[in-house]
Every structure is written in structure tokens, then in C-alpha cells.
Amino acid sequence: MEEILEIRDGCSTPEQLFKSLAFSRYLKIYKNEFVTELTDKNSRHQTETKQKIHFIESVCARDFVNLLDKTDFSNHDELERAKSLVKFFDGGFHHYRSKSYSRLVRLQNDIVTTGLETVETVKDKVSNKAADLSDLILETRRTLLRKVNLEHGVRRTPGMDATPSVTAGEISGHYFSVPGDYVVLAHVPLTIAADIKTGVDYSTPSNKRAYPFYELFHNPFDVTMFEPEQWVSVPLQVGNWLIVAYLHKSRGCIEMEPGLLNLFPFASAADIENKRKPDGIFVFGDPNAGMNDLGYYWDEKNEILIGLVPNIDELKYFGYSKKPILTLHNVLAIRAGHMPLHCGCTRYEMHFDENTDEPYIAEMLIKADDMGRVQLEPDADGINRMMFYGTETGAFACLDGFSEQAKTLMRGREVGYNQDTGSNARQIVPVTDAEEIETASELDLMLYMNNFNMLEETEYSIDVSMSVDEAIEHFRLGERVAAGSTQTNRGDKESSYWANPFPLLIENDGTVIHKQLNDLFQINETKMIKDLCVLSNRKEIEIGVAYTQLMAGVYSGNSDQDLSRCGYQNREEVEQKGPVHLAEDLIDKIKNLAAIKRERLGGKSVKELSITVALIGDSRTGKSETAEKMEGILGLQLV
């Protein structure tokens, strides 16, 4: 197992840093990697390699402690060795900043035992600890460079950050309630607050999903083989459910931690204090599991959902942590009688101009970037309302379809993956807050995202003229042209039932994959359609199809003549301009809906209201891209 660096020492001086266990552990990690890299080069210059390895193997923490005490050097050889040590340390410093994975950990049991600490105070503490450690490392580096006259006047610049990858405030795992059969999980400390380094990019062995995450008929998690010291745990609030993620401390697995922390909200401290039992457990990187263990299992006895991803290189990709966790959410939602929707959902705060009385969009508040659920809730008149709840506070954004302005807005908040792989480079960026996704909003517009049909410049890109039943068929068919981030080749058309609500319930040929879950889904769908028809007849919701054209340029079904007819100069242009076309039309539609809704709610006495829109579709159908274009058009974000 390639090691990560866990820092539990408290250091305040360079001397304490060099004497710490963490520094000795990191020195060992860096030396091993350096020697391995030199050995693997198979250079014909073996003498130089041998001498370099001999020097590296001789370096120890004591050398740096002694170097701090030096005021001068007795001879040239002593000075040259000191310079070699400092250069080696400087190489380790840059390796630590850019290639290592480090966790600064502080135990915070007081949040549960004394009540003197809160999540917010712990959050402040871990942030301060991260900053203090960064400052200490930078101070130590400057001190050493100055000792041997290598500083050359260079001082710290804003980009010189030496904070750990993750700084975590943890509590003892025994404060958490897990069923007796899974008591070994209580031996893993729980992360309840964290500070993550952003503006970084992690390389993982894989950069696309090729295998489904389906139901298993055996429990894939072998508790007898679980070694607690090899894992970190993060309790996540995913929709209405508490799902605890356990990540293996090996490279290729642990890199999922900052992404998850940037994507989902933490479980509440109250849940931990009140010993709420998790609804789901997600295990990523199990070294004792095989491909036949990839999937989820409902443990009937303990009433808990178990999801597992084995420690296999092909599965070491952030999509294999995000999608399975959302799958657990969706299974739990279906079992609870709700409808999961693979969608982007935004709540638009609508105001009305004082002079013209025209509606305008004052703010766009994201309720879901990729997944949410509809819960049918009766109002005072007994009419079921379609109330939407989200899951993620972040977005797992594919950079291919975003403008340079949008990418600029992401900087400083992002955790990236595989930017050097070309297509399907991704970033996780925060896009909303927990309160927004956890608060219900009634849906006003529900559209399926068609990403392959081309439109002429004058054609309207939203079709709500169809009946509810006709619209539902588009959702059931779930057609899209793929970008190549899954097993489907870029530019090929595929279908997935209800845009693949994780897990896929029905194959394209009609084969039911998850019968018990599908039966429950059909019951939930029937109820939703019935209520949709009532609301549609009352003109209180609209449903139909939106045309994003996002992948229309790469779709082989569109000819060059189609391209020319629709006003595009080349196929690459479609990806940027198509979503703009929809964004313009969607803005007009939202304003129209606001005017209609205002009349229904009381006319001019209503000064502001919300319009909530769900855009349903699988990856790269244009959910996030359309929202980004709308923000650009409306100028709601400033660069």
C-alpha cells in the first residue's frame, strides 16, 4: 500500500517539526519514492544513480535537527553536504505540496462529551491548524535555505501554500451508532469538520466508469477482514439519509476524500450526538473484495444499505464514489415512496419591476446539480404537490463544455481530477448550500434534456405542448448522445430508463434488472403521473422536452447539411452555442411562468415568488452547461 502521510503531532518550531513522528514518516515516504523512481529509470549511467541512491539512503531526520543548530561550517565538504541536504529537503517540500497526500488530524471529542465545542468552532480550529502548519513548513524551508546561502532573496508568495490535502477534526467512532454486526466500524474515527486544499488536481488510475453499480444478493462487506487503522470515515447527509463513507488509506482511494468533502454536506452534529443509526454504509477501496462485490446490498436484518467498491485500479475514479453514494440515496428514496430524478434543478427568485411590473430573475439558487428527489406532499386542499429536494452542495463538472469565464469562476474552490487526460477532465466545485438542498421547493417546470437534435436559429428550444403521458415517454426512453465518460463511445446515442436514476432499472430491450426495486418505482411513478396530470390540468406545472444541442455536433446522425442549415460554422461550435440558445428561451419561459403564477397567487400584491425548474437527463445532456450560460447572460456572477 503506497503510504499517505497522517500528521497528528503538534509542532510550533522548526526543531519540533524535524523531531516529530510525522516528519520521520514523510522522510521515509519521500526517500522510498525517490529511490524507486531512480531505480526504475534503468539508466546506463549507473554510477551516478548509485551515488545518488547512497546519499538519499543516508539522510535522516537527525541531519536536519543538527543543521538547525549550525552557525557556520568548518570546511568546504561540510558546507557542500549541508547544501545537498537542503536541496533534498526542498525537493521533498515541493513533492509534499504537489504529489503527496497528507492529512492533519485533530481529535475533537469535546463536541460530544462537554458541549463546549460546536462544529463551527471545530471548523475554525482545523483551519487555523492547517494555516499554522503551512506557515511553520515555509518558515523551516526559509531557515534552511538561508543557512546555506541558497535563499537568493526569495520570499513567500501567495501561491506558495503548504497546507495538508485535508485537515480533519475527528471524534472517536464509538460515539456513532452502528448495528452490532458492524461494530468494527466504530473503531474508525469519524470526520466531523474539515478544511480541504483546493486548486489542486489529483491523478487517479482511471478517468471513466465502465462497470455498473447494481444490487447484490450477498453482503460484499466482510467485517472479519476489516482493519480499522487503514480507513478514514466521513458521515454524509445525502438528501434525507445518513450515509457514512469509509475510504481506504491507499493512493488511488484516499484521493476521493477531498472530492466527497467538496460535494456532499456533512451529517449534522446532532445526529452524531443522538446516536442516529446510519441509513447506508459506503466502502471504497476494499482490498479484500473482488469485482463480484461491486454493488449494493440491503441488509434486511440490520435494516441498512451497504455499498462497496473493491480496491481495483479500473474502479479508482471519483465517479465510482459519487455515483454509488447517489445510488444508495436513490434506493432509499424509492423504498420510502419518493421519485429520484437524475437532474439539475434550480430555484429562480423572481421579482417584479417597480415601473413596468415585468418579472425578472433576481437570483438563481441551485437545488441539485445532478440528482434529487420528488416527494408528493398534500397541501391544505388535499392536492399533492411535487416537492423537490436535492442531494449535493457541489458539482462534479466536466470541463469540456464550460466557457473560460466559468472555469475562472471555479478557481480557488475546486478539487480537480485527471486534467492531464484530455477529455472528461473533471472538477468538484461548491455550487449551493445545505439549507437550499434540504428545503423543499415545489416544481413549476419539468423538462427532459435532449442533447442531440439540432435546431434552426429561430426555432424555440422548449416544447411543453405535449400531454403528460407523451412527456413521460421521453423520460422513460431517456435518449442522449454520450461524451465517452462511461462505456458508451463519444458521439453514440444510447437510451437509459428515466435517464438512469442509479441504478438502471430497465434495459433498453425491456428487461427488468432490479425487479423488487422496479416494482416499487412503478408504484411511485404511477402516483406521480396521476398528480402531475391534476397539476397540469390546473396549469400549475408544465412538462415537456428541452433541446440543448450540447452533443449534437459530435452526433453522427446529424449531417454537415444539418449543421449549415442550423447556422453553425463547424461541429465544435455547437457545444458552446447550443446551450446558449436554450438558456435564452428558458429565461423567457421562467418569466412567463412567474407572471402566470403571480396571477394565481394574488396578482400585483405578490412582490416576489420562486419558479423551480428540473432539467432531467444523464451526463452531458446539458444540465450544468445550460445553467452556466444562463448565469452568463443574466450577469449574476462577476469575474
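None of the figures in this text is laboratory data; all of them are computed from the coordinates on show. What you are looking at is a predicted structure, and each value in this text was computed from that prediction instead of being measured. Using ideal geometry, Cβ is built from the backbone for each residue, glycine included, and neighbour counts are taken over all protein chains shown.
Data for the structure
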item	result
Loop trypsin sites (Lys or Arg not before Pro), the stretch 1-70 (other Cβ atoms within 10 Å of the site Cβ: 14 or fewer; DSSP)	R8, K41, R44, K70
Cut-off under 5 Å, modelled amide H: who pairs with N418 long-range	Y202, S203, T204
Extension gain, R476 back to T113 (0.36 nm per residue minus Cα-Cα distance, nm)	125.6 nm
Only Lys, Arg (+1) and Asp, Glu (-1) charged, at Cβ; the chain dipole about Cα centre in debye	1880 debye
Residues whose placed amide H lies under 5 Å from that of K367, excluding near-sequence neighbours	C345, T346, R347
Helix 623-634 axis, angle to the chain major axis (alpha carbon atoms, nearest 10°)	80 degrees
Neighbour cut-off at most 16 other Cβ (10 Å), DSSP loop, GluC sites (Glu not before Pro), the stretch 525-558	none
Label-to-label distance, nm, for residues given as E139 and D420 (7 Å Cα→Cβ offset)	3.4 nm
Convex hull volume per residue in cubic angstrom - Cα atoms of the stretch 423-554	162 Å³
Unit charges at the beta carbon, dipole of the chain: most positive-side option, S24, S461, N288	S24
Residues T224, T526, T393 arranged by fewest to most Cβ contacts within 10 Å	T224, T526, T393
Karplus (6.51, -1.76, 1.60) ³J(HN,Hα), θ = phi - 60°, over the stretch 356-371, in Hz, Gly and Pro reported as x	9, 6, 7, x, 9, 7, 8, 7, 10, 10, 6, 9, 7, 8, 9, 7
Too-long pairs where the Cα-Cα distance tops 20 Å, listed order kept, from K367/K623; K530/K623; K301/K323; K87/K147; K322/K367; K249/K322	K530/K623; K301/K323
C60-D222 pseudo-label distance in nm [points 7 Å out on the Cα-to-Cβ vector]	4.0 nm
C343, C60 arranged by Cβ crowding within 10 Å, fewest neighbours leading	C60, C343
G295 long-range amide H proximity, modeled H, under 5 Å	L308
Cα-projected label distance for E377 with E151, points at 7 Å along beta-carbon direction, nm	6.0 nm
Per-residue HN-Hα couplings for the stretch 461-473 [Karplus 6.51, -1.76, 1.60; θ = phi - 60°; Hz; x = Gly/Pro]	9, 10, 10, 10, 7, 7, 6, 4, 4, 5, 5, 4, 4
Karplus-derived 3J(HN,Hα), 6.51/-1.76/1.60, for each residue of the stretch 186-193, Hz, glycine and proline x	5, 8, 9, x, 9, 7, 10, 7
DSSP-loop chymotrypsin sites (Phe, Trp or Tyr not before Pro) across the stretch 199-237, with at most 10 other Cβ within 10 angstrom	F217
Cα lying deepest toward the dipole's positive end in the chain, options N424, N109, L5, charges on Cβ	L5
Cα-based Kirkwood hydrodynamic radius, the chain, one decimal, Å	26.9 Å
Total formal charge among the other residues, if their Cβ is under 15 angstrom from that of P359, Lys/Arg +1 and Asp/Glu -1	-2
Listed peptides 372-383, 353-364, 80-91 by packing density, highest first (mean Cβ within 10 Å)	80-91, 372-383, 353-364
The stretch 172-336: translational diffusion in µm²/s, Stokes-Einstein, Kirkwood Rh over Cα pairs, 4 °C, 1.567 mPa s	82 µm²/s
Student exercise, the stretch 172-336 dipole from Lys, Arg, Asp, Glu Cβ charges, in Debye to nearest 20	380 debye
Projected area averaged over orientations for the stretch 1-155, convex hull of C-alpha atoms, nm²	11.9 nm²
Potential extension, T49-M160 segment - 0.36 nm per residue separation minus Cα distance	36.9 nm
Whole-angstrom Cα spans of the stretch 255-311 along principal axes, big to small	37, 33, 15
Rounded to 5, percent antiparallel among DSSP beta bridges of the stretch 172-336	50 percent
